[in-house]
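Beneath this line is the structure, given in structure tokens, with notes to follow.
Bear in mind these aren't lab numbers, they're just calculated from the coordinates by the rules spelled out. These figures come from a predicted structure and were not determined experimentally. Cβ atoms come from the backbone with ideal geometry, glycine included; neighbour counts cover every protein chain shown.
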Amino acid sequence: MTLIPYLPNPYPDEIFGSWLRRISIYNGKHIWKQLCKDSGYPGTPSGLFDFRDGDPRLTRLLESLGLSYHDAIVRYTTFPFWLAYDGYSLRTHGNFAQNSAYRRLRQYLGAGDSRVPVGSLRTFGLRPSIEGLKIPKFCPACLSADIEEHGESYWHRAHQLAISLVCFRHGSLLRSFCPGCGAAAGQIVPRRLI
């Protein structure tokens, strides 16, 4: 397995794909591609911005970065938010507190028997349709604050929820496009906005 020379810590509220992108930037494309290849991906994997259902390749990639799949979906994805707002699970299971997915997540987080195995998102009764985002969103004020505090910007997971239109910290409208050039946010130079 390829060793990573530098593994940055995730920033507060940083979404999974933003952290992976920073790992790639800091270690170079060659090391990142080799790490992905060692994990079983034929090339650089796409679609890893937010959470994905369990995949042995993703599990191997995360383990090589010192993180379990379970910890990654809980700490660095929108999964906990979707669990709270997933209408399908609520309609299917009724009262939120009685929702079996909610109980399993509480158990996993230590509010019950944390030894409950969690194999995939389907364990929680979630539909694959909530696994991805088309264009990420950002808050201009957070972008400036991130650069000032950390020297770089990153994607915040709270901004990526379908229900998020305004930044909860600054009250700014979230954007998906650069106001200057009109480029989709995901196409902007990574050092300026990952």
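The table below lists the values:
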read-out: Theoretical FRET efficiency, 1/(1+(r/R0)^6), r = Cβ-Cβ of Asp55 and Asp13, R0 22 Å, to 0.05; value: 0.35
read-out: Backbone N within the stretch 148-165 under 17 Å of label point (7 Å from Cys178 Cα along the Cβ vector); value: 152-155
read-out: Per-pair calculated FRET efficiency, R0 = 22 Å: Ala145 and Tyr6 via Cβ, rounded to 0.05; value: 0.40
